[in-house]
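Only one structure is covered here, and it is reproduced in the block below.
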Number of protein chains: 4
Amino acid sequence: MNFVCVKDFENHAYNVLPKNALDYYKSGAGLETTLNNNEKAFSRLRIRPRCLRNVSKRDLSTTILGSKISMPLGIAPTAMQKMAHPEGEMANARAAEYYETIFIQSTISTSSIEEVAEAAPNAIKWFQLYIYNDREVTLGLIKRAEKAGFKAIVLTVDTPFFGIRFADMKNQFTLPPHLRLANFGGEKATKINSTKDGVSGLNNYVNNLFDASLTWKDVAWLKSVTSLPIVLKGILTAEDATIAADMGIAGILVSNHGARQVDGTPASIEALPEIAYAVGNRVEIYLDGGVRDGTDVFKALALGARMVFMGRPALWGLAHSGEEGVKKVLNLIKTQLDSTLAISGCSSIGDIKKEHVVWDNYYCKL
Amino acid sequence: MNFVCVKDFENHAYNVLPKNALDYYKSGAGLETTLNNNEKAFSRLRIRPRCLRNVSKRDLSTTILGSKISMPLGIAPTAMQKMAHPEGEMANARAAEYYETIFIQSTISTSSIEEVAEAAPNAIKWFQLYIYNDREVTLGLIKRAEKAGFKAIVLTVDTPFFGIRFADMKNQFTLPPHLRLANFGGEKATKINSTKDGVSGLNNYVNNLFDASLTWKDVAWLKSVTSLPIVLKGILTAEDATIAADMGIAGILVSNHGARQVDGTPASIEALPEIAYAVGNRVEIYLDGGVRDGTDVFKALALGARMVFMGRPALWGLAHSGEEGVKKVLNLIKTQLDSTLAISGCSSIGDIKKEHVVWDNYYCKL
Amino acid sequence: MNFVCVKDFENHAYNVLPKNALDYYKSGAGLETTLNNNEKAFSRLRIRPRCLRNVSKRDLSTTILGSKISMPLGIAPTAMQKMAHPEGEMANARAAEYYETIFIQSTISTSSIEEVAEAAPNAIKWFQLYIYNDREVTLGLIKRAEKAGFKAIVLTVDTPFFGIRFADMKNQFTLPPHLRLANFGGEKATKINSTKDGVSGLNNYVNNLFDASLTWKDVAWLKSVTSLPIVLKGILTAEDATIAADMGIAGILVSNHGARQVDGTPASIEALPEIAYAVGNRVEIYLDGGVRDGTDVFKALALGARMVFMGRPALWGLAHSGEEGVKKVLNLIKTQLDSTLAISGCSSIGDIKKEHVVWDNYYCKL
Amino acid sequence: MNFVCVKDFENHAYNVLPKNALDYYKSGAGLETTLNNNEKAFSRLRIRPRCLRNVSKRDLSTTILGSKISMPLGIAPTAMQKMAHPEGEMANARAAEYYETIFIQSTISTSSIEEVAEAAPNAIKWFQLYIYNDREVTLGLIKRAEKAGFKAIVLTVDTPFFGIRFADMKNQFTLPPHLRLANFGGEKATKINSTKDGVSGLNNYVNNLFDASLTWKDVAWLKSVTSLPIVLKGILTAEDATIAADMGIAGILVSNHGARQVDGTPASIEALPEIAYAVGNRVEIYLDGGVRDGTDVFKALALGARMVFMGRPALWGLAHSGEEGVKKVLNLIKTQLDSTLAISGCSSIGDIKKEHVVWDNYYCKL
Ligand SMILES: Cc1cc2nc3c(=O)[nH]c(=O)nc-3n(C[C@H](O)[C@H](O)[C@H](O)COP(=O)(O)O)c2cc1C
Ligand SMILES: Cc1cc2nc3c(=O)[nH]c(=O)nc-3n(C[C@H](O)[C@H](O)[C@H](O)COP(=O)(O)O)c2cc1C
Ligand SMILES: Cc1cc2nc3c(=O)[nH]c(=O)nc-3n(C[C@H](O)[C@H](O)[C@H](O)COP(=O)(O)O)c2cc1C
Ligand SMILES: Cc1cc2nc3c(=O)[nH]c(=O)nc-3n(C[C@H](O)[C@H](O)[C@H](O)COP(=O)(O)O)c2cc1C
């Protein structure tokens, strides 16, 4: 067994994925300062373990928007997963189903809402929404997600424009011709398969079709057209979190979009505390970005997240062996989280306290 | 398309420029701590993006000393640009003209004031002034710039001496024989083509011909002899900025001369906040040094600059393909700035606020 | 003489030990951030030497739990030392005996309590205890240690679970077949010689046999069944130290288990000051983790430790030449400590004061 | 001309010196954290240049203990300079003489007091004193220095023991047989030419012959037996500086002995401010350690030193070409200091102010 941590799956994916897909999956915006920092910031946090607390039985389960999940780690929405494995989003969702946790499906997935629902009927599925200029199309997506039994709408609010990713520009990234954006017909399904002027096909797609004029009023509209709880994905400041809480949003997913939108944003874990401090008692708070390890999950929870999601690690799992690969990745991190809880003196998710985690500079003050 | 960021142009220039010119262009003073820090300091700043703010239409234009420019990024004065491309300053000015922004011409340029004016009649041109021991010669330059339609005099105040740059000393740098300092005749045009005692020819030139005795009185003199607005280039402290503001100077260009004068000065972006804080409401403040990316422009503006300039990136553009190359560089950064604005929730330059940018250590306090 | 510091012994061991044993000895948990930090944190401390204090005679001796030792450096408990040298724990204990300092024997040693006692009758021996699910077995260990003349019970409180160490997982670590856990018979002696499912045999062993339900009540139980003083090993927070002090525990060994339990814990030396501050006047405080040098000992003592222990360096000494190798390692650090005392203006352990050591950031405040 | 900075001379010396001598010259104590930090700490300081201050004429001269020197950079005492060049200390002193600055001769030099005095009669010479167990011998040195026209006694207070330097241990360092400690006869001259037990011959020498019992009373004794002003070399704390000032000592040389005594001491430049703050108005304060550049001199002066010394750079100069080499090194740094003054807006040493220099973290506070 040579796969003992996420890095092993990542290294494997680097060897097997075609360059076009690999670069698309792994890249961050600009100089990738934030991409690196998403992981590095976790390593600047210190765990303060408590001892002698009877940790013989541990329970990693928690509830999210009323659903019980077996551990506070789910799968973040990432686009076009069939580039990693023929079963793409369906395999990913089944792995989440197996581990009784949340799978978030991207709007621009290569399996349709209905295909995913059918593949993983018992998974807790959320639908990640991009609002298109074409509001009818948008509404259609929402209704199909509701009908397919999805449990929340995750509105991504950090993507009025698509981030500039150098590798995709160099590769003139397009979706391979045998794949399509499965939730759509016509231009919206296939515009991403071609490019012009050496620009990433995805950027063309997004900047042409997504609605860059969104404001909080559109969030109100969204609330009015769906009965599902709404999660805002991509909030990075206490200011925006406060507006969301004031509007009665159900959840906030603190995220910098895997460092793919604009380089220089804080690591998600850096941004978390100010948001938890501002609205932690009013809204459920989640985090994604740089989670690679059970200790990362623990740290995020101590700093105020209720659960975390991971994007790329699931893609590396898919690239390895589809559903099985994602399960292995989930299992590794679950085992690590379990161990971290035990060694930190926690028997349950609720035992994780603020005092369990501090920044490294906490220690050089005495 | 393999040129997607300034670094690509820089790498290209490293391959094509002769060593003598390349070293002159890229070097910084002494051990180059500040040179590296000029760029690195930008990467220690974090952007706090705001979301849901209707960014469907963005306007990058602003006004500087009353002139409207299409974006807050211009071209800093760098000497002897014909070493990079036969059309040198003329090509550079035409690129600025194309992008409706400011071109600052160096006193020690290899195209004359008049040649630049003729090449780019509609560019907003500023003239960077070194005051020579010979005050008549100096006055001549000012009058010619006025006559040629330049819109401001940029007095460089950080160069009573020329900085010590190890590579130029090793190379015994001189201007290649087929080029001359085009604003002058006689010794002032050609002294730079030779050297002695293993000293850079440029250092000999400057230390012999420039007036190292300048004080604020000479700034008063300058004000008295020209009707053009005066910008002081090279201020790095709140103390000097305050004197400038008290004298009624129109603009301050916060700069460490591309880290070429004395190693150990702060990065320009480090020095900016204290100056903005001290005089930001009384003087227009600009910045140059280490700007390589649209996010850098955004950060500088958030910290108090009204516009920024870049020196070396334009040289790398020139070395690539003259006017076209500089245009490409300007276009890349403009596109990045546009994307940064959008993703940060800004529709116009005026929307960029202090709260949008913080130092990295802001996040490890909670 | 090419062995002038611990690193030389470490490098040697890397060359001579079989991979299975070497990886087991050297690894830390997870990504090994804490493992590296255990040593690096020492290097961020600065010694403030005092001069002109007559250091012609130095005395490194001190007393620990009433026993006089020749220097404040002892040997931490590490499991299965016969993988490093055929005489394993016995050789190690003899080296400690020679240097009149403390040897702590691990529960899961490859020499028995009685063998160690016989090999080093005059050594000050402490017994490190893991509490097994089987309380009778546990009690047996305690009684045997008492009978064999051990002077303290060191209860390790950071190991309800065994840490996740990637290399051991990849190696599917097991104790080589010719060795056994010498304090036990049956399953408890040999379960560690095999593995299943690509999991470290040690993790299987610990997670099956150790009691993960321990609480402070079990510490009270331990106090009630032995007359020996009790040291709690593995405390990293002021909170737990306070509980221990309130219970009348004799000693606290500040330790993160050589960074082997969960990655992300503070370096031991980082955690020390808060503990010394909280209970330093009520309990004897010791430290292990990253001690490689006489200056490390000095720093730990200045920050509040009464003595320190080292784990891996003794293993490297064993791997070099058994008892002689450990003596050489002890001698090197003793000589360095002596030199550090002299140059810092201290003639005795008691002369080392808080003011002698500060964190590096102390100096950039001006 | 390929030698444009101290590093060039250092690299050259690394190529030409025999290993035994090179290692002795370049090494620091222990893991060399402090050795590296001596230089690196300078690079964490920022110069805040002032502009428009008439720097056409600059005067680098200053007075030290009443003697006028041409620049605030002198030569620190380093032992056994003939290993670098046959003329050793004599060549070094002549270079100092040429540049009208201070040369400090080591007690354990390979030229005698009288030889140096004869070689450089007009140099301002100070004598660095190690107090031997044999007080008569010590007194003899003082009297000879007085007679030979030396202007101060520099008592090194950081060397009750010699530091542990790994390379010297490995090399079993001894002075080559054709050289001797020229100030002595008999054992004191030659004991250093041999070694035993793989210990550096120098450590044997020092630890046997130097007086490790020194206290402030011995400083009082020294004051009583000489009319020369006394400088204490090796003070690193405000506490000791205060004692020195209270005793009426003339000068304090802030130094960590080139990081050769105990690893972990602060960089000299780190220790300077607390000392300047405590006694800067009562005692002349100097610094050595890590000075490699004109900006280093400037920074030390801004933080409170009246002059600085350099040790190794002069050895690299000697190794290059004896007196000429040292002159070249002095000239390079002098030129750099001159440039630094000019560009920072200073015309004289007295113009350098505290406000000219700040630590790097000054700038990330906003
Ligand atoms: C290849 C890729 C595609 C992504 N596609 C989407 C998407 O379609 N919608 C969305 O909201 N976020 C998308 N994200 C962002 C992820 O939801 C998530 O924020 C991010 O991957 C978390 O960081 P991590 O990859 O370090 O775990 C994508 C991320 C990656 C890496
Ligand atoms: C090759 C070169 C030549 C320069 N020549 C001049 C000059 O003649 N006058 C001047 O005021 N600044 C000069 N500068 C400084 C630039 O105006 C500007 O401050 C600097 O280049 C900005 O830093 P950047 O190169 O990192 O963008 C020069 C800079 C470089 C790199
Ligand atoms: C190979 C190895 C085995 C260990 N076994 C034990 C053990 O059986 N019981 C225990 O309490 N600690 C054990 N430890 C932890 C040590 O007692 C000690 O805390 C640690 O080694 C100190 O760090 P250092 O190795 O950096 O000196 C072990 C450590 C190592 C490296
Ligand atoms: C090779 C060498 C020999 C030294 N010998 C002496 C000495 O005999 N007496 C003394 O007081 N300091 C001695 N020192 C310390 C120097 O005086 C001075 O403190 C140090 O070299 C300054 O640091 P730098 O080498 O970085 O300039 C020696 C330093 C070196 C590098």
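The values are calculated or read from the model by the stated rules, or taken from the named source; none is laboratory data. All values derive from a computational prediction rather than experimental measurement. Methodologically, a virtual Cβ is constructed for each residue, glycine included, from the backbone with ideal geometry; neighbour enumeration extends over all protein chains shown.
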Practice task
Considering only residues that are closer than 11 Å to D:Leu202 by Cβ and either touching a residue at least 40 places away in the same chain (Cβ under 8 Å) or more than 9 Å from chain C (Cβ to nearest Cβ) (or both), look in the range D:172-182 and name the one that is nearest to ligand 1 (Cβ to nearest atom).
Solution key: D:Phe173
Practice task
Answer yes or no as to whether D:Ala93 is among the small types (Gly, Ala, Ser), in contact with a Lys or Arg (Cβ under 7 Å, 6 or more places away or on another chain) and within 16 Å of ligand 4 (Cβ to nearest atom).
Solution key: yes
Exercise for the section: Output the residues belonging to the range C:303-331 that are within 16 Å of ligand 3 (Cβ to nearest atom) and farther than 11 Å from C:Phe9 by Cα. Expected result: C:Ala305, C:Met307, C:Val308, C:Phe309, C:Met310, C:Gly311, C:Leu330
Fill in the blank from the handout: Given (1) at pLDDT 95 or above; (2) within 14 Å of another protein chain (Cβ to nearest Cβ); (3) out of contact with any Leu (no Cβ under 9 Å at 6 or more places or on another chain), C:Leu139 misses just (2)
Problem - Selection status of D:Ile108, assigned to a strand (DSSP E or B) and modelled with pLDDT of 95 or more - result: no
Problem - Selection from the range D:257-297 of residues that are within 13 Å of chain C (Cβ to nearest Cβ), at negative phi and in a loop (DSSP other than H, G, I, E, B) - result: D:Arg260, D:Gln261, D:Val262, D:Asp263, D:Thr265, D:Pro266, D:Ala267, D:Gly280
Exercise for the section: Give the range C:44-69 a look and list any residue that's under 28 Å from D:Asn256 (Cα atoms) and of a type in the set (A, V, I, L, M, F, W, C), or say none. Expected result: C:Leu45, C:Ile47, C:Cys51, C:Leu52, C:Val55, C:Leu60
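Let's see how each residue does on (1) farther than 19 Å from B:Leu65 by Cα; (2) within 16 Å of the chain's Cα centre (by Cα):
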site: B:Glu87; (1), (2): yes, no
site: B:Ala95; (1), (2): yes, yes
site: B:Phe103; (1), (2): no, yes
site: B:Ile108; (1), (2): yes, yes
site: B:Ile113; (1), (2): yes, no
site: B:Glu118; (1), (2): yes, no
site: B:Asn122; (1), (2): no, no
site: B:Leu129; (1), (2): no, yes
site: B:Tyr132; (1), (2): yes, no
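Every residue, every condition in (1) hydroxyl-bearing (Ser, Thr, Tyr); (2) within 28 Å of A:Asn203 (Cβ to Cβ), yes or no:
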site: B:Pro266; (1), (2): no, no
site: B:Val279; (1), (2): no, no
site: B:Val283; (1), (2): no, no
site: B:Trp316; (1), (2): no, yes
site: B:Ile349; (1), (2): no, yes
site: B:Tyr363; (1), (2): yes, no
Exercise for the section: Residues being facing another protein chain (nearest Cβ under 8 Å), surrounded by fewer than 18 Cβ atoms within 10 Å (Cβ to Cβ) and free of Cβ contacts under 8 Å to residues at least 60 places away in the same chain: count how many of those fall in the range D:337-364. Expected result: 2
Fill in the blank from the handout: Scanning the range A:275-303 for residues that are in contact with a Leu (Cβ under 6 Å, 6 or more places away or on another chain) and either among the hydrophobic types (A, V, I, L, M, F, W, C) or over 17 Å from A:Thr156 (Cβ atoms) (or both) gives A:Leu287, A:Gly294, A:Val297, A:Lys299, A:Ala300, A:Leu303
Practice task
Scan C:Met169, C:Met83 and give me the residue that is more than 19 Å from the chain's Cα centre (by Cα) and of a type outside the set (Asp, Glu).
Solution key: C:Met169
Practice task
Could you tell me whether any residue of the range B:309-317 is at pLDDT 95 or above, part of a strand (DSSP E or B) and at the interface with chain A (Cβ under 9 Å from one of its Cβ atoms)?
Solution key: no
Practice task
Check whether at least one residue in the range D:323-334 is more than 11 Å from ligand 4 (Cβ to nearest atom), within 30 Å of C:Ala342 (Cα to Cα), crowded, with 24+ Cβ neighbours inside 10 Å and modelled with pLDDT of 95 or more, and report yes or no.
Solution key: no
Problem - Subset of the range B:183-205 [aliphatic (A, V, I, L, M) and buried (at least 20 other Cβ atoms within 10 Å of the Cβ)] - result: B:Ile192, B:Leu202
Problem - the range C:273-293: number of residues that are touching a residue at least 12 places away in the same chain (Cβ under 8 Å) and either away from ligand 3 (no atom under 13 Å from the Cβ) or within 15 Å of A:Val358 (Cβ to Cβ) (or both) - result: 12
Problem - Residue in the range D:218-238 that is farthest from the other protein chains (Cβ to nearest Cβ), counting only those that are within 13 Å of D:Arg135 (Cβ to Cβ) and of a type outside the set (Ser, Thr, Tyr) - result: D:Val225
Fill in the blank from the handout: Picked from the range D:143-171 (must be surrounded by fewer than 19 Cβ atoms within 10 Å (Cβ to Cβ) and more than 14 Å from every other protein chain (Cβ to nearest Cβ)), the residue nearest to ligand 2 (Cβ to nearest atom) is D:Lys151
Fill in the blank from the handout: Picked from the range A:51-100 (must be β-branched (Val, Ile, Thr) and either in a helix (DSSP H, G or I) or surrounded by fewer than 24 Cβ atoms within 10 Å (Cβ to Cβ) (or both)), the residue farthest from ligand 2 (Cβ to nearest atom) is A:Thr63
